[in-house]
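Worksheet: the structure to be examined is printed underneath.
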Amino acid sequence: MSRGFVKDGDIEETPAVEQRAFLPEGVANYVTAEGLAALKREREELLSRREAASGNEGDRRVMRNYLAAKLCLLEERIASAVLQAPPTDPTLAGFGAYLTLQFPGGATRTVRIVGADEADAGKGLISFFSPIARALTGHREGESVTYSGGRMILTTVSYDPLPLTPLTADTRPAAPRPAPVKKAVKEVVVPTPARQPEPAPQPVRQDDGEEVLPIVNDRGLTVGKATRRECHGGSKLLHPVVHLHLFNSRGELYLQQRPLWKTIQPGKWDTAVGGHVGFGEPASAALEREVQEELGISDFEPIAVKKYLFESDREREYVYLYRTVCDQEPAPSDELEGGRFWSREEIEENLGKGVFTPNFELEYNKYLK
């Protein structure tokens, strides 16, 4: 339960209201268009109920305080909502997709990946940060997918509405029933084995919001420090990062796909390596560390390209930009959704279509062409 807003003088009647649907700390509040519309309808209903409160003066005050507290929590969700458009590649499972799944034993379920407030497994609506949604995201029709509860086949990907199926029913294959064991004297029936407990759900991944980063001036000199959460929360505190563009000898450029649990540009294709410079850490050391952590590469010769300032609606970065040529096959860590080499023609064909991060497109157009 969570305490909501009350008027002065009503402290003895502070209402306890139900919390909103769970949303992990630091995870963006992604919503579908239908989900955002539902939140706004809920607001109108609460406003109407507050105006129509009846009873004696005390009853009306208590009811209005209760509804005002619910409105306060609802307004926070509406204000933080990030409307997600369908991906540019409609064959990939992603946020807002309707997905038909086939489980071992033949059971099928059709679900949709949605935001926290929309999620309802009993209606086939699963949150984008749930283990099953994270496992499905990025897959195509016909692919086999492993998740914490077992395996399934993704048979349909659609961004047009499909009839949904509750996920509350058991989707595991039925355990074979052993035949009765007979003896000469009496019949002994072997009992059906007890159902094994479901595996514990995997924890939701997110960045360490308390990681301490250096704050720098426009010349890159350290002038203070702040947490990652403060730097990414709209404060526009300038902090240093390293970027590496990795080419092979054929001139192809390696790009990583950003994790779907990231709060900034989830699922977009980005620079081969990108990471923060730690407090008290030289940029060259940060680059070596990030390349090893993200791609498993330790033998490379970086060439410094540029130092520049990048600003988005969430943050400001002092970017140390490098490039290298290396034919060692990258081994992307499990912190990434994956990665691959792209030809220049393929990159230029997808520029401006929402496939890449804005930061990558800026660097490609200004420093790599």
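Summary table
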| quantity | calculated |
| --- | --- |
| Within region 122-148, tally of residues that are within 20 Å of the chain's Cα centre (by Cα) and surrounded by 15 or more Cβ atoms within 10 Å (Cβ to Cβ) | 18 |
| Filter result for Ala200 (modelled with pLDDT of 50 or more, under 23 Å from the mean Cα position of the chain (by Cα) and surrounded by fewer than 10 Cβ atoms within 10 Å (Cβ to Cβ)) | yes |
| Single match in Gly275, Gly267, Gly251 (criterion: touching a Lys or Arg at 6+ places or on another chain (Cβ under 9 Å), outside the structural domain of Ala135 (by TED's automatic domain parsing) and without any contact (Cβ under 8 Å) to a residue 60 or more places away in the chain) | Gly275 |
| Condition check for Leu336: assigned by TED's automatic domain parsing to the domain that holds Leu255, aliphatic (A, V, I, L, M) and not in a strand (DSSP E or B) | yes |
| Considering residues of region 87-126 that are in contact with a Gly (Cβ under 6 Å, 6 or more places away or on another chain) and modelled with pLDDT under 90 only, the residue nearest to Glu25 (Cα to Cα) | Pro87 |
| Residue match in region 97-114 (condition: of a type outside the set (A, V, I, L, M, F, W, C), touching a strand residue (DSSP E or B) at 6+ places or on another chain (Cβ under 6 Å) and in a loop (DSSP other than H, G, I, E, B)) | no |
| Test: residue in region 215-223 that is crowded, with 19+ Cβ neighbours inside 10 Å, under 22 Å from the mean Cα position of the chain (by Cα) and either at pLDDT 85 or above or in a strand (DSSP E or B) (or both) | no |
| Of all residues making up region 23-62, the number that are outside any helix (DSSP H, G or I), surrounded by 11 or more Cβ atoms within 10 Å (Cβ to Cβ) and in contact (Cβ under 8 Å) with a residue 24 or more places away in the chain | 9 |
| Selection count where residues are charged (D, E, K, R) and more than 24 Å from the chain's Cα centre (by Cα), scope region 269-310 | 7 |
| Members of region 227-245 that are in a strand (DSSP E or B) and crowded, with 17+ Cβ neighbours inside 10 Å | Leu238, His239, Pro240, Val241, Val242, His243, Leu244, His245 |
| Subset tally (residues that are part of a helix (DSSP H, G or I) and free of Cβ contacts under 8 Å to residues at least 24 places away in the same chain) for region 284-333 | 5 |
| Selection within region 329-352 - at pLDDT 90 or above, touching a helix residue (DSSP H, G or I) at 6+ places or on another chain (Cβ under 8 Å) and of a type in the set (Gly, Ala, Ser) | Ala331, Gly339, Gly352 |
| Residue that is modelled with the lowest pLDDT, among those in region 299-328 that are surrounded by 13 or more Cβ atoms within 10 Å (Cβ to Cβ) and among the acidic types (Asp, Glu) | Glu315 |
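Each row is one residue, and each column tells you yes or no for (1) at pLDDT 90 or above; (2) crowded, with 19+ Cβ neighbours inside 10 Å.
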residue: Leu255; (1), (2): yes, yes
residue: Pro266; (1), (2): no, yes
residue: Asp270; (1), (2): yes, yes
residue: Gly275; (1), (2): yes, no
residue: Ala283; (1), (2): yes, no
residue: Leu287; (1), (2): yes, yes
residue: Glu290; (1), (2): yes, yes
residue: Glu294; (1), (2): yes, yes
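The values are calculated or read from the model by the stated rules, or taken from the named source; none is laboratory data. Only a predicted model underlies this, so the values are computations on that prediction, with no experimental measurement involved. Every residue, glycine among them, receives a Cβ derived from its backbone with ideal geometry; neighbour counts consider all protein chains shown.
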